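Have a look at the structure below before the remarks.
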Amino acid sequence: MSDYILETSHLTKEFKGFTAVSDVNLSVRRGTIHALIGPNGAGKTTCFNLLTKFLVPTSGTIRFNGQDITNEKPAEIARRGIIRSFQISAVFPYLTLLENVRLGLQRKLGTSYQFWRSERSLHKLNGRARELLAEVGLEGMADEMTVNLPYGRKRALEIATTLAMEPELMLLDEPTQGMGHEDVDRVTQLIKKVSAGRTILMVEHNMKVVSTIADRITVLQRGEVLAEGPYEEVSNNPQVMEAYMGTTEGQLEGAH
């Protein structure tokens, strides 16, 4: 099996004459945290949408575990184990934390859409749901209503529901966006913790987060790969500093 779980070749997306993603060659190594960074409008989210097939590439190919998935539909991509969490917290506010995680686990039972079945049929999932809540530090809040959670804890719950779907590759879209320092630190450590034995590709603006946990970084600018490598190398790249509005290295480290 290849060292690389996900590879794109000359990935390009054009919208009526505007090229949002241009000739992107991306290789994500198995078992690592790979960050996709860049100024606003660099094409990061478009790239994510191409990888999860919410958008169809204009040209280029996407390979997952060595297999061409370029023409597959979003549901097929998810079944392969590519699971994405969105920029905006995507949990059900009027279910408990346990019920939210249990919904993610239902897929394995094959009862995802059988809403008329007795709730007792789901009780067998409670043990695993509680394990996942414990993994993200929410074990004491299983029966709380999700709507009452502070923002940072909602993101932790979202990671638990993502884990419930047993991702081989987790795509995290701006996981710390809109958080205070305390929540950012908590979620950063949580991502590091759940990365054990998994592969994570994340879009992230917060350079402190990226420098703390990313094994490798790809910098996009105007839809093209500007630089790639470990944080130390990328943060010292003059072109990268220039892309972040002509900043110095010190300013880049604190950029959001």
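Condition check for LYS108 on (1) modelled with pLDDT under 90; (2) part of a strand (DSSP E or B): one failure, at (2). Could you say whether any residue in the range 208-221 is in contact with a Leu (Cβ under 8 Å, 6 or more places away or on another chain) and in a helix (DSSP H, G or I)? Within the range 208-221, not a single residue is in contact with a Leu (Cβ under 8 Å, 6 or more places away or on another chain) and in a helix (DSSP H, G or I). Restricting the range 1-15 to residues that are charged (D, E, K, R) and assigned to a strand (DSSP E or B), which is surrounded by the fewest Cβ atoms within 10 Å (Cβ to Cβ)? Across the range 1-15, the extreme among qualifying residues is GLU14.
Filter the range 140-150 for residues that are of a type outside the set (S, T, N, Q) and surrounded by fewer than 13 Cβ atoms within 10 Å (Cβ to Cβ) and give the result. Scanning the range 140-150 gives GLY140, ASP143, VAL147, PRO150.
Of all residues in the range 16-68, those being in a strand (DSSP E or B), open to solvent by 20 Å² or more (accessible area, probe 1.4 Å) and touching a residue at least 40 places away in the same chain (Cβ under 8 Å) number 9. Kindly establish whether THR218 is hydroxyl-bearing (Ser, Thr, Tyr) and within 27 Å of ALA20 (Cα to Cα). Considered against the rule, which asks whether it is hydroxyl-bearing (Ser, Thr, Tyr) and within 27 Å of ALA20 (Cα to Cα), THR218 comes out as yes. State whether one or more residues within the range 164-184 are in contact with a strand residue (DSSP E or B) (Cβ under 8 Å, 6 or more places away or on another chain), in contact (Cβ under 8 Å) with a residue 12 or more places away in the chain, open to solvent by less than 10 Å² (accessible area, probe 1.4 Å) and assigned to a helix (DSSP H, G or I). No, that holds for no residue. The set of residues from the range 59-98 being at pLDDT below 90 and farther than 30 Å from MET179 by Cβ comprises ALA75, ARG79.
The values are calculated or read from the model by the stated rules, or taken from the named source; none is laboratory data. From a predicted model like this one, the values you see are computed outputs, not experimental measurements. Positions of Cβ are generated from backbone atoms using ideal geometry, with glycine treated the same way; all protein chains shown enter the neighbour counts. What goes into the accessible areas is simple: the full protein's heavy atoms, side chains included, and nothing from ligands, DNA or RNA. Shrake-Rupley method; radii C 1.70, N 1.55, O 1.52, S 1.80 Å.
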